[in-house]
Amino acid sequence: GAGFFPFGLAMLLAGLALLWLTLDLVAALRGHAGAPAWPEGPPPRGTAALRAAGVVGALLVAALAMERVGFPATVLALALVLLPLLEERRPIVVAAVALLAGPGLYALFALGLGVGLPAGSLLPGGP
C-alpha cells in the first residue's frame, strides 16, 4: 500500500544504523581505535559557529527559493553549498552528489511516487 515505501525505507535505515553500531562496537572491543576526529588537528576556535551559521543561512535561502526556483534546482544548489560546509573537500564528489540529489530526488518523489513538489520555472509545467 501507500505506507510501504516509508516503512521499508525506515527499516532499511534502522538496519544500516544497527550494522554501523555493531561494527563500531566490534572494532572497539578488538582494540581498534577509529579514525581521529580531526586528523589535521582541531579546527580554529569559532569555525563550528561559522559553519553552523552557513548551514542555517543556506537552509533559509533554500526555503525561500523553493517555490520560485523549484525543488530540483534548489536541492542541487543546496548540496553544492552544504557539502563543503560539512567537510567534503573533493570537488568531484560535491558535484556528483549535487547533480544526483536534486534531479534524482525529484524523479523519485514527484515522478515515481506522485508527491507534489514545486517544479519551479526551470521544468515544464512550472509557473
Dipole magnitude of the chain, debye to nearest 20 (Cβ charges: Lys/Arg +1, Asp/Glu -1, about Cα centre):
140 debye
If I fit a long axis through the Cα atoms of helix 91-106 and take the longest principal axis of the Cα atoms of the chain, what angle between them do I get, 0 to 90°, rounded to 10?
50 degrees
Convex hull around the C-alpha positions of the chain: the volume in Å³ per residue is 143 Å³
Go through Val61, Val69, Val94 and list them by solvent-accessible area, largest first, probe radius 1.4 Å.
Val61, Val69, Val94
Relative contact order of segment 53-127, pairs being alpha-carbon contacts under 8 Å that are 6 or more residues apart, as %
38 percent
Highest average packing first - 7-15, 77-85, 50-58, Cβ atoms within 10 Å:
77-85, 50-58, 7-15
Heavy-atom surface of the chain, accessible at 1.4 Å and reported per residue (Å²):
74 Å²
Specify which residue in the list Ala101, Gly8, Ala58 is farthest towards the positive end of the charge dipole of the chain, using unit charges on the beta carbon of Lys, Arg (+1) and Asp, Glu (-1), about the Cα centre.
Ala58
Take Leu50 and Glu88, extend 7 Å from each Cα along the Cα→Cβ direction, and tell me the distance between the two endpoints in nm.
2.2 nm
Give the relative contact order (percent, whole number) for the chain; include only Cα pairs under 8 Å separated by 6+ residues.
22 percent
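The values are calculated or read from the model by the stated rules, or taken from the named source; none is laboratory data. Predicted, not measured: the structure shown is a model, and the values here were computed from it. Please note: Cβ atoms are built from the backbone with ideal geometry, for glycine as well, and neighbour counts cover all protein chains shown. The protein model used for the area step is the full one, side chains on, heavy atoms only, and it has no ligands, DNA or RNA in it. Shrake-Rupley method; radii C 1.70, N 1.55, O 1.52, S 1.80 Å.
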